Every structure is written in structure tokens, then in C-alpha cells.
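Participant: Take a look at this one; I'll ask things after.
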Amino acid sequence: MKSRRITMLISAATMAVAALALLAPAAFATTPAPGYERFAGCPSQTENPAVVICMRSVINGGHFKMGNKDVPIVNPMTLSGGFDYTGKITANSKGGLPPVKQKVPGGVIGLTGLTWLAEFLGIEALTLYAVTEIAGQPFLNEFGEEIELPVRVHLENTALGKNCYVGSFTNPIKLHLTTGTTNPPLPNGPISGTVPVEGKSDLGESVLLFEKGVFVDNSFAAPGATGCVLTLFGFIPISINGLVNLQSGLPAAAGTNETKQNFNLELTSRETVYP
């Protein structure tokens with residue numbers, strides 16, 4: 001019932017802002033109108049004429065578990081862009097999912113099991129960060145009920161080299177985020193998201209605001225890490241993909257991973273952003 005309610009709500013909202021767009025003159029502006037700068041990631045008419053609705057979603061909490069590593073989402077992440085009538089999400093250079101570092105519990109030692117790194121590098125240099133990056137074409141399904149989001153996770157620390165990733169453009173982590181209830185393979189059981197409630201935007205009725213929603217997914221698979229290289233003495237590169245995978249429980253099959261993402265969502269017509 002909740003899933004159907006948000007579908008109907010956002011579908012009606014989409015039709016409403018699209019109707020306003022039909023009444024407005026053709027948009028040719030390439031910079032957002034004053035006050036709408038936070039929608040700058042939405043493509044303008046000249047950048048992508050198919051875009052109808054501009055969107056901005058802020059993920060402000062939750063967690064991301066792959067294998068046996070569970071990373072809390074502490075620092076807000078913003079997904080912005082626009083979508084067309086098919087639900088295809090696109091963004092310009094100011095949108096997408098800008099990199100945000102989340103601290104990984106256990107650091108590099110917890111990731112690799114190499115306790116001697118504490119003496120070799122020093123404790124301060126062992127902090128490990130996970131940065132989620134888009135690794136494919138996102139889609140908004142059922143006008144807000146689900147988002148298909150292919151991603152890769154960059155594991156950032158100087159000890160791992162510059163290209164230590166879980167997932168890639170050819171083998172991404174395929175998230176199917178939903179506010180409804182999941183149907184994962186075993187051993188995971190179903191979990192449910194939360195339908196956001198309507199709020200009041202500081203920009204008035206031209207922007208539709210949905211707050212306190214929760215997207216969930218515990219049906220995705222996570223591939224093994226690649227590109228993790230430990231360089232000893234500054235010039236001896238050693239691949240440690242095997243160590244990272246062993247310590248992290250990767251690759252991890254569908255039904256053993258989970259993410260919950262607290263979010264707010266803003267929608268408006270492109271003609272409002274680019275009058």
C-alpha cells in the first residue's frame with residue numbers, strides 16, 4: 001500500500017510539473033534561475049532536450065554492507081540530475097553523484113589483515129575511506145518507487161594505490177533501491193523501506209519536497225576487489241587483491257549484502273530551473 005501511494009503521489013507530481021512546463025515558453029537558459037542553483041546538475045534544454053523533471057536527492061544516513069564490511073553513511077551524498085518520461089536519469093558535469101568519503105571501520109589493517117602496516121606507515125596513514133561512484137545508467141522506476149543505480153566503490157588510501165575498487169563499469173554493483181519490501185535470495189530475509197512524506201520547500205510550490213524516506217536493497221551481489229596495489233619502499237608494487245577479498249568476504253553473493261539509505265527528494269520542472 002505504501003509503495004502504491006508514493007507511486008501515485010510522484011506520478012501526479014510529475015504530470016503536474018510537466019503540465020506547467022507546457023504552459024511556459026521554450027527554455028533556452030543554460031544557468032539555473034536565482035534560488036535554483038542546487039538543481040544545476042540537471043541538464044538544460046541544450047544539454048539534453050529529453051529531460052522533463054529536475055531532481056535532487058540527498059542521502060543523509062544509513063549504511064552499506066558488502067561481504068563482512070559494514071560502512072555507515074555519515075557524510076551526506078547528493079544524487080542530482082534530471083529524468084525523462086522513461087525514467088532515465090542523466091546529469092551534466094555539475095550533477096551525478098559527486099565523491100564523498102565515508103570512513104571504513106577497521107581501516108587499512110582491517111581490510112588487508114597486515115598488522116605490520118601500523119609500523120611501516122604509521123597509525124595516522126591507515127585511515128580508509130569508501131567513495132561510491134556511479135558506474136552505469138541510473139533509472140527511476142515507477143516514478144520514485146525504485147531506483148536502479150549501478151555503482152562501484154573506490155577504496156581510498158595511499159597504501160592501496162589509486163585504483164582499488166569493488167565493482168567496475170563492466171561489472172558494477174547493481175543496486176535496486178526501493179521504498180517497498182525486498183525479496184532477496186537466502187540467507188537474507190525481506191526488509192522494508194520507508195515512503196517519504198510530503199514537505200514544504202523553501203522555494204515554494206514550484207518544488208515538490210519529499211522527506212524522511214528510506215531506500216533499501218539486500219538482493220545485490222558484490223564482486224571482488226581489483227586494482228589494489230601495495231607499493232613497498234616506494235618502488236616495489238605488490239597486488240593485494242587476494243588479501244582484500246579474503247579479509248572483506250568478497251566476492252559476496254546476492255543475499256549476503258545490504259544497504260539502507262535515508263533520503264530526501266526534491267522535484268521540479270526543468271522550465272522552472274531554466275526559464
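Participant: Can you list the lysines whose alpha carbon sits under 24 Å from that of residue 69, skipping same-chain ones fewer than 8 residues off?
Facilitator: 101, 103, 162, 174, 260
Participant: Under unit Cβ charges (Lys, Arg +1; Asp, Glu -1), what dipole magnitude, rounded to 20 debye, does region 153-275 have relative to its Cα centre? Write down the numbers at each step before the final one.
Facilitator: Numbers: 6 positive and 9 negative charges, 87 e Å.
For region 153-275, the charge dipole is close to 420 debye.
Participant: Right, next: What ³J(HN,Hα) values, in whole Hz, does the Karplus curve 6.51 cos²θ - 1.76 cosθ + 1.60 give for region 83-97 when θ = phi - 60°, with x put for Gly and Pro?
Facilitator: 9, 9, 5, 8, x, 5, 9, 10, 8, 8, 5, 8, x, x, 10
A short reminder: the numbers here are calculations on the coordinates, not readings from a lab. This one's a predicted model, so the numbers in the text were calculated from it and none came from an experiment. Every residue, glycine as well, gets a Cβ built from its backbone with ideal geometry; the counts of neighbours run over all protein chains shown.
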